[in-house]
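The next block holds one structure in the form of structure tokens; read it before the comments.
Just so it is clear, none of the values below were taken in a lab; they were calculated from the coordinates. Remember, it's a predicted structure, so these values are computed and weren't measured experimentally. Cβ placement follows ideal geometry from the backbone for every residue including glycine, while neighbour counts extend to all protein chains displayed.
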Amino acid sequence: MKFTFGIATSTLIGFTSAVIKTGFEVWDESIQAGLVDQSLNYSMIVNPTAVTRDLELEVDYLVRTKKLNLVSVIGPEHGFRGAAQAGDNVGGDIFDPVNGLRVIDGYAFRTGAQWAQAYTNTSTNVAVFDIQDAGARFYTYIWTMYDSMVGAALAGTKYIVLDRPNPIGGLVVDGGIMTPDNASFVGRQAITQQHGMTVGELALLFNNEYLPNDLQLKNSTNKKVDLQIIKMKGWTRDMYYEDTGLQWILPSPNMPTVNTAMVYPGMCLIEGTTISEGRGTTKPFEVIGANFIADVGLQNFINTLNGYNLPGVRFRSQYFTPIGNSNKMNNTLCGGTQVHITDRDAFRAVPTGIAVLTALRDSFPANMTFRADNWFDNLSGSPRLRNLLVAGADYKTIVDGYQNELSQFKLIRKKYLMYK
């Protein structure tokens, strides 16, 4: 873990010294040096996290400075300006009132063919991806990247990834591997829950391990995409987001802080149950609970969790009332816990999430149930975790059970790491 101190070089209050350069900053320097082909048509696949150092949206900056011929901007889940909640489409094919660019709702796409058609319709020569990931398999932006890469292979479109930090670091890799039967938009391919990779590294892995075998490319001349990764400068794997000198911008409405991202690879599993994962509070995924958890039952639940002595974390009882577009237990008083990380380096999100599930099961056996839409299996990657929970397995047994496949994934992952 690195701690970096320095005097702010920006005139904007709260900015810290530049510790790293993002892929966009490196690419922009190449544009200014005349090293990027400005005769081509570019489409940007971005969201509100794609900003310049002074927090201007990159597409607005590029339109304003007329540095490239941008023909469209394609938004992922939540939209390119972040106007939509989880699972909502922002709607069709419009023109942005601020910069005049054609805006395409990429979250409406679920196949490479749809992406290929969008590239063709806009005469796109180069697709450019720049979206902040959160470091978990089920965070949908990496699968937007995957689908759009398949589309680029189908259309013969060059694909550039402007790399950004993994906000929870690049050292920890954890969790079970997804199986093909549970492939969905929260997991297209067999990576682990916490992958410990940047989006650029994932793009390399996707292009070499999965695209060549993707059935969508079976009849395509191209089995891979013409891929270019613009690396960051200065990022190392032991960095958390606060170490980068970059401002944290919510990558989605329910990812307000870096601590949220830290717990997310494990605590998002709660989303697959009937328990509230804390949406509709100020600390989603850090706060979880339900309307049947209270009083002595709540205290026993907390005692069980802290009795596990999990590294780097403590649990505290918390009452909360989800409001807004929370989907579960709206406007209902719930009891539960807040997850407090006490040592980031020691903390492990996936075992923590599994421990919370086993404690919920043991403390409230009649009430801790799974959603009926198979969402839990899609999040965990297979029916195994659900079956083990139903069978009464303890969290240590569950964690031990996925170590062999985790080791196999680490060997594949190692080939595509670009940073030390």
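On full extension of the chain, what length is gained from Thr332 through Leu171, given 0.36 nm per residue of separation minus the C-alpha to C-alpha distance? Walk me through the numbers before you get to the answer.
Details: separation 161, 0.36 × 161 = 57.96 nm, distance 3.90 nm.
Working it through step by step, the gained length comes to 54.1 nm.
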Subject >> Around Val225: net Lys/Arg minus Asp/Glu count, Cβ-Cβ under 12 Å >> reply: 0
Subject >> Within straight-line cross-link reach of Lys66, lysines at Cα separation under 30 Å, skipping those fewer than 8 residues along the same chain >> reply: Lys21, Lys158, Lys231, Lys233
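So in the chain, what percent of DSSP beta bridges are antiparallel if you round to the nearest 5?
Values: 23 of 45 bridges.
The answer is about 50 percent antiparallel.
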Original post:
Given [x] 40; [y] 28; [z] 32 as candidate values of percent of Cα pairs over 35 Å apart, which corresponds to the one derived from the coordinates?
Top reply: [y]
Original post:
GNM, the chain, Cα, under 10 Å: largest mean-square fluctuation among Pro251, Pro97, Pro165?
Top reply: Pro97
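Can you give the extra length, in nm with one decimal, that the chain gains between Thr221 and Thr120 once fully stretched, where that is 0.36 nm per residue apart less the Cα-Cα distance?
Numbers: separation 101, 0.36 × 101 = 36.36 nm, distance 1.66 nm.
Roughly 34.7 nm would be gained on extension.
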Original post:
Can you give the extra length, in nm with one decimal, that the chain gains between Thr179 and Asp295 once fully stretched, where that is 0.36 nm per residue apart less the Cα-Cα distance?
Top reply: 37.8 nm
Original post:
Taking the convex hull of the alpha carbon atoms in the range 110-217, what volume per residue do you get, in Å³?
Top reply: 87
Original post:
Hey, got the dipole for the range 197-290? About the Cα centre, +1 on K and R Cβ, -1 on D and E Cβ, debye to the nearest 20?
Top reply: 280
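Out of the DSSP beta bridges found with both residues in the range 258-381, what percent are antiparallel (nearest 5)?
On the way: 14 of 15 bridges.
Percent antiparallel among DSSP bridges in the range 258-381 is about 95.
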Subject >> For the range 258-381, size of Cβ-based charge dipole, Lys and Arg +1, Asp and Glu -1, in debye >> reply: 140
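What is the sum of charges around Thr65, taking Lys and Arg as +1, Asp and Glu as -1, for the other residues whose C-beta is under 15 Å from the C-beta of Thr65?
On the way: positive: Arg53, Arg64, Lys66, Lys67; negative: Glu25, Asp28, Glu29, Asp54, Glu56, Glu58, Asp60.
Net charge in that neighbourhood comes out at -3.
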Original post:
R0 = 25 Å: FRET efficiency of Arg64 with Arg237, Cβ-based, nearest 0.05?
Top reply: 0.10
Original post:
How much space per residue, in cubic angstrom, does the convex hull of the C-alpha atoms of the range 289-420 take up?
Top reply: 151
**OP:** Please find, in a Gaussian network model of the chain (springs between Cα atoms separated by less than 10 Å), the residue of Gln299, Gln32, Gln228 whose mean-square fluctuation is greatest.
**Re:** Gln32
Original post:
Given charges of +1 on the Cβ of Lys and Arg and -1 on the Cβ of Asp and Glu, with all other atoms neutral, how large is the dipole of the chain about its Cα centre, in debye to the nearest 20?
Top reply: 520
